[in-house]
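Below you'll find the structure, written out as structure tokens, and then a few comments.
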Amino acid sequence: MKKALLIMTLIVLAACGAQKSTQEKLDMNLAIRDFIAVRGLEELDKIRRSDRDGWKTLTDDFIIYRARRDRYLVEFARRCPELSDNTEITPDIRSDTSSLRSRFDTLRGCRIHQIYALTEGEVIELEELGEVPGSRN
């Protein structure tokens with residue numbers, strides 16, 4: 001009986017932890033969308049890309065894309081857990097190998113919905129959105 005109660009308690013705690021994680025992601029997405037609206041970020045149809053580009057995942061819906069000296073906020077048309085899951089890589093759709101286009105091209109199989117130009121200051125703000133004050137050393 002005690003063992004069954006312990007197992008049930010662990011299941012409930014795990015479910016609560018998963019719920020909190022999901023709520024935190026939803027809150028982060030909302031904060032990023034507010035950031036876009038308040039800053040009035042410039043929406044771009046197309047950006048130049050190269051093989052040395054990279055990204056930092058903010059949530060399953062948003063990344064900061066690093067292309068040469070420029071930075072961009074990329075929003076996907078759907079959640080894209082494939083960005084951080086390297087177990088299965090989906091081929092990308094590209095209309096042009098030297099650029100990324102919103103609404104047409106994909107990253108890791110996820111269609112790009114919007115691309116926004118960022119300044120260095122905006123990149124720093126976005127990276128710190130989900131952090132607790134004083135958490136960085």
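Remarks
- Arg71 passes every criterion in (1) outside any loop (DSSP other than H, G, I, E, B); (2) closer than 15 Å to Glu122 by Cα; (3) more than 15 Å from the chain's Cα centre (by Cα) apart from (3).
- Qualifying positions in region 103-119 - of a type in the set (Ser, Thr, Tyr), touching a strand residue (DSSP E or B) at 6+ places or on another chain (Cβ under 7 Å) and either modelled with pLDDT under 90 or exposed (fewer than 13 other Cβ atoms within 10 Å of the Cβ) (or both): Thr106
- Those residues of region 103-129 which are without any contact (Cβ under 8 Å) to a residue 12 or more places away in the chain and of a type in the set (A, V, I, L, M, F, W, C), in sequence order: Phe104, Ile124
- The listed residue being free of Cβ contacts under 8 Å to residues at least 40 places away in the same chain, hydrophobic (A, V, I, L, M, F, W, C) and surrounded by 18 or more Cβ atoms within 10 Å (Cβ to Cβ), out of Leu100, Leu58, Leu73, Leu83: Leu83
- Residue within region 25-45 that is part of a strand (DSSP E or B), modelled with pLDDT of 90 or more and of a type outside the set (Val, Ile, Thr) present: yes
- Restricting attention to region 92-120, the residues that are in a loop (DSSP other than H, G, I, E, B), out of contact with any helix residue (DSSP H, G or I) (no Cβ under 8 Å at 6 or more places or on another chain), of a type outside the set (Val, Ile, Thr) and closer than 22 Å to Arg79 by Cβ add up to 6.
- Among the criteria (1) crowded, with 18+ Cβ neighbours inside 10 Å; (2) assigned to a strand (DSSP E or B), the one Arg66 does not fulfil is (1).
The values are calculated or read from the model by the stated rules, or taken from the named source; none is laboratory data. Everything numeric in this text was worked out from a predicted model, so none of it was measured. Positions of Cβ are backbone-derived with ideal geometry, glycine not excepted, and every protein chain shown enters the neighbour counts.
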